[in-house]
1. Would you please classify the overall shape of the stretch 303-367 from the alpha carbon gyration tensor, given that a ≥ b ≥ c denote the square roots of the eigenvalues, rounded means a/c under 1.5, and beyond that prolate means a/b larger than b/c while oblate covers the rest?
2. Using per-residue counts of other Cβ atoms within 10 Å, averaged over each peptide, order 147-160, 165-178, 79-92 from highest down.
3. Run the accessible area of the stretch 150-203 with a 1.4 Å probe and give the carbon-and-sulfur part as a rounded percent.
4. How many angstrom separate the Cα center of the stretch 330-345 from the Cα center of the stretch 127-193?
5. Taking the alpha-carbon distance from LYS98 and a cut-off under 23 Å, which lysines remain once sequence neighbours fewer than 8 residues away in the same chain are dropped?
6. Write down the Kirkwood hydrodynamic radius of the chain, to one decimal in angstroms, obtained as one divided by the mean of 1/r over all alpha carbon pairs.
7. In nm, give the distance between the simple-model label positions of HIS263 and SER327, each being 7 Å from the Cα along the Cα-to-Cβ direction.
8. Name the aspartates and glutamates eligible as straight-distance cross-link partners of LYS262: C-alpha to C-alpha under 13 Å, and not fewer than 8 places from it in the same chain.
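The values are calculated or read from the model by the stated rules, or taken from the named source; none is laboratory data. Quantities reported herein were computed from a predicted structural model and do not represent experimental measurements. Using ideal geometry, Cβ is built from the backbone for each residue, glycine included, and neighbour counts are taken over all protein chains shown. Surface areas here come from the heavy atoms of the whole protein model, side chains and all, with no ligands, DNA or RNA. Shrake-Rupley method; radii C 1.70, N 1.55, O 1.52, S 1.80 Å.
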Amino acid sequence: EKGGYEHFMLKEIFEQPKSIHDTMRGRLLVDEGVIKMAGIWDHVEKFKNANRIIIIACGTSWHAGLIGEYLIEEYARIPVEVEYASEFRYRNPIITDKDVVIAISQSGETADTMAALKLAKEKGAFIYGICNVVDSSIARITDAGSYTHAGPEIGVASTKAFTAQLTILTLIAFKLGKHNGNLGNAEFMSLIAELDAIPKKIEEVLNTTHELTQNIAKDFVSATNFLYLGRGYNYPAALEGALKLKEISYIHAEGYPAAEMKHGPIALIDENMPIVIIAPKKGHYDKIVSNVQEIKARKGKVIAVVNKGDQQVSSMADYVIEIPETSECFSPIVASVPLQLLAYYIAVYRGANVDQPRNLAKSVTVE
Ligand code: M6R
């Protein structure tokens, strides 16, 4: 059932061209220039008139939520807040019937997310679910929702569910933006054409980075710490890269917005500190260049994820992982794939139980 792969996680990483495609199927109609999402469309006035959207999730799904915030604020210009479900539920949050709450959950069974939703529902908010498991508890309690259709995810470390969540959030942002007039038709058409091509780009990334990430991984089997840095859309991608590594390899890893480095983590940098930096051309590239200079001045080991043909960051980096160029909003989907592979191979070379890391459960049904 692992389809010839050594672990479910690797199988699921490689399934992403298909799972992203499945998530878009029947929704993204490029030729007609339409995004069809009944759950959104049937309640579009709720979204349009919402004071704000609150995204609630845990773990990887929370990282997807952060990217959702960037997407929805940029393209639909609706204010978004992203909260850990566990914090939200216990802090007596202000929720009104003018709020729309979006819960993101692969399993649809996460206890904290479920409890946070019940609270939001009691207070009269409209609640929307983005779940992978069909008919799960969260899917059932929500007023409406969109399934991710990524297929069963067995590996405890979430991979294909994450990129499917990003796909749904992208579709929602574009659909709302088009509807409320913040996203003009020409830009909408070019963005959806690009989104349609993402599965192909992921396929390419899998082909070009599979062996490379294995080779890089070999050099970091004994690492004790890692930093992951990114800016803009790729800041949450850095958080997610770090979470993948710590979950399955048990190496301590932290994700930061690259500019925050100066406010503390820079003190950690020496020749023993590996730093994964996500540096695509579209996304504050010049700022990232200076961050890399600062790291190299302190002899940190830089593993850079850059666009094909990149020169500036690549010339300073110790290891270079190239990915195809995309609009900034799609870069976390593409950049996440080599980071999943890197975490996977570091864990495999350390002899860790990749699919079932110690102390972790696939769905966290207790708080
Ligand atoms: O099923 P959910 O998406 O609600 O799960 C949330 C987290 O428990 C989950 O993403 C966790 O962080 C994963 N192990 C990450 O790989």
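1. Because a/c hits 1.5 or more and a/b fails to exceed b/c, the stretch 303-367 counts as oblate.
2. 165-178, 147-160, 79-92
3. Carbon plus sulfur share of accessible area: 54 percent.
4. 19 Å
5. Those lysines meeting the cut-off are LYS46, LYS48, LYS118, LYS121, LYS123, LYS175, LYS178.
6. 20.6 Å
7. About 2.9 nm, to one decimal.
8. Output for LYS262: GLU294.
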